[in-house]
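The next block holds one structure in the form of structure tokens; read it before the comments.
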Amino acid sequence: MRSILLIILFPALMLFASSTFAQSTASVSVHKPLQPIFKGETHNPVLKIEVLTTRTDVVADGITLELGRSTSDYIEQVQIFYTGSENEFSAEEQIGSSTVINETMSIPLQKPLHKGRNYFWVSVELNDMISLTDLLEIDSKSIQLNGSEYRAESDRPNTALRPAKKIRKANEDGVHTYRIPGMVTSNEGTLLAVYDVRYDDSSDLQGDIDVGLSRSTDGGETWEPMEIIIDMGEWGGRPVSENGIGDPAILVDRNNGTIWVSALWIHGYPGTHAWFSSQQGMNPEETGQFMLVKSEDDGQTWSDPINITNQIKQPEWHLLLMGPGNGITMKDGTLVFAAQYKDENEMPWSTIVYSKDQGETWEIGSPVRSNTTEAQVVELDEGRLMINMRDNRGGARSVYTTSDMGETWHEHSSSRLALQEPVSMASLIQSNPETSGYDHNYLLFSNPNSTAARVNMTLKLSKDQGRTWPVAHQLLLDENRGFGYSSLTMVDEETVGILYEGVRDLYFQKIKLDELLGR
């Protein structure tokens, strides 16, 4: 009987010993970064697994993942990378992969670890079946070390990840950097994105910079090749590097379908920053020029540049330029761009530029608030406009309203309180209640949701015309640091699109209004 008891107890003792040995071998933590997963990119890190061990004889044998039911349909392959003690993602050392994608999948590894911290990355490549409104559920279940299984649940186990599209990539078409997005949806349903094409580096004007355009006729899933729609060339005997044009804003005349793009042209001032080099006066040799182009065929062809500086700028101002971002058509047909200028004392002010005759002539409003610059404008009720402004004081956005086309301005209850910012451009639009079928006319806002840095690109919704922006109606899209600018448009009556800056790239994503509403 004794020998039988020993045989029965021995496996239990071995299991206990193995578990004790495993627990003393390593500790595991998993971070799920909130960042886009890009269609068309081979490497998209979705999980970072940290293994901390005090031993030198530990081998990683495998990783087990859990995917959402539909997520497995959208993934072409999963790859595992090892970056040693380096905390940043790198695709240099691939140690495992699988193209057989299941809801629960184990990827075998054979990677010896060093004593201390070891980092593994789970990376995915998406297939063409995924739409930009689909969500991805990807989490780790466990990692196997020396034959023992370690539970490895992420710090955001219930957080879905979002696909995105890079509509412009750094160095694409020989361009160093793409910046300053503006985006609208035409009357035909075409998405039109404009941006700076910064050929030589990421610096602001002055430089070799043109205005580029990308079009999408399928809701942003695919984009046509870039077209340059404003290029001032070698005007005035100076080279292209001294005739830069950028900081575009775009609007659609909802009554006739004409699309307008405004941009700032700087002539001369080589090697200097336009914000400081532009001087008092009216001529291109003296000061920046407020330029327009228009398209009457849904953005397929564009007019020559139209200079309206003499209509709206005061000679004593040092500089006048647009928002940038997008403009609006008011219910009475008035076209409105947000604008900014530096007065005779070089103090910046936000304002509006508008046309009541479909772009034949243009007028300018009075200054809103000192030391404010890049702004966006929406129409609320009864012809009342709201302007939402970058405030150089930092900390939060300034918000004002006008009922007389900018002759007088009134501070809004949310001003300097409701929308934090790190001093950056932002976007503000309406959800188009005439076509949406929703109960309210919502306001939608995007910016880096931080006071410290251009991080945490966030989309927010207000049900009460901008008085409050509840956390329950906010979505963090990208926690990474970027250049920070963004532009919103309603892709259709149920979906909002956002075009925003990474670092030298431009990202596009789509979000259903129901997600923001918590439905």
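Values computed for the structure shown
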| item | result |
| --- | --- |
| Hey, Arg467 more than 27 Å from Pro45 (Cβ to Cβ), of a type in the set (D, E, K, R) and modelled with pLDDT of 95 or more or not | yes |
| Hey, Arg156 of a type in the set (Lys, Arg), closer than 30 Å to Ile511 by Cβ and out of contact with any Lys or Arg (no Cβ under 7 Å at 6 or more places or on another chain) or not | no |
| Qualifying residue in the stretch 438-450 (condition: acidic (Asp, Glu) and over 23 Å from Gly365 (Cβ atoms)) | yes |
| Whichever residue in the stretch 384-407 is assigned to a loop (DSSP other than H, G, I, E, B) and over 17 Å from Val353 (Cβ atoms) and, among such residues, is farthest from the chain's Cα centre (by Cα) | Ser403 |
| In the stretch 231-288, residue farthest from Glu360 (Cα to Cα) [restricted to those that are among the aromatic types (Phe, Trp, Tyr) and touching a strand residue (DSSP E or B) at 6+ places or on another chain (Cβ under 6 Å)] | Trp265 |
| Residues satisfying the stated conditions in the stretch 24-44, i.e. crowded, with 17+ Cβ neighbours inside 10 Å and either in contact with a Gly (Cβ under 8 Å, 6 or more places away or on another chain) or of a type in the set (Val, Ile, Thr) (or both) | Thr25, Val28, Val30, Ile37 |
| Test: residue in the stretch 213-227 that is more than 18 Å from Ile259 (Cα to Cα), outside any loop (DSSP other than H, G, I, E, B) and in the same structural domain as Val503 (by TED's automatic domain parsing) | no |
| So Ile49, is it touching a Gly at 6+ places or on another chain (Cβ under 9 Å), within 21 Å of Glu153 (Cα to Cα), in the same structural domain as Ser140 (by TED's automatic domain parsing) and in a strand (DSSP E or B) | no |
| Which listed residue, of Ser295, Ser303, Ser277, Ser350, is within 25 Å of Trp409 (Cβ to Cβ) and out of contact with any Pro (no Cβ under 7 Å at 6 or more places or on another chain) | Ser350 |
| Filtered residue count, the stretch 162-189, keeping only those that are farther than 26 Å from Asp253 by Cβ and part of a loop (DSSP other than H, G, I, E, B) | 6 |
| Among (1) surrounded by fewer than 21 Cβ atoms within 10 Å (Cβ to Cβ); (2) assigned to a strand (DSSP E or B); (3) more than 18 Å from the chain's Cα centre (by Cα), the one test that Thr159 misses | (2) |
| Considering residues of the stretch 91-141 that are of a type in the set (S, T, N, Q) and closer than 19 Å to Ser29 by Cα only, the residue surrounded by the fewest Cβ atoms within 10 Å (Cβ to Cβ) | Ser106 |
| Single unsatisfied condition, Val455 versus (1) touching an Asp or Glu at 6+ places or on another chain (Cβ under 7 Å); (2) modelled with pLDDT under 95 | (2) |
| Whichever residue in the stretch 91-111 is among the polar types (S, T, N, Q) and touching a residue at least 24 places away in the same chain (Cβ under 8 Å) and, among such residues, is nearest to Thr54 (Cα to Cα) | Gln110 |
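The values are calculated or read from the model by the stated rules, or taken from the named source; none is laboratory data. Since we're looking at a predicted model, the values are computed, not measured. In this analysis, Cβ positions are derived from the backbone assuming ideal geometry, glycine residues included, and neighbour counts consider all displayed protein chains.
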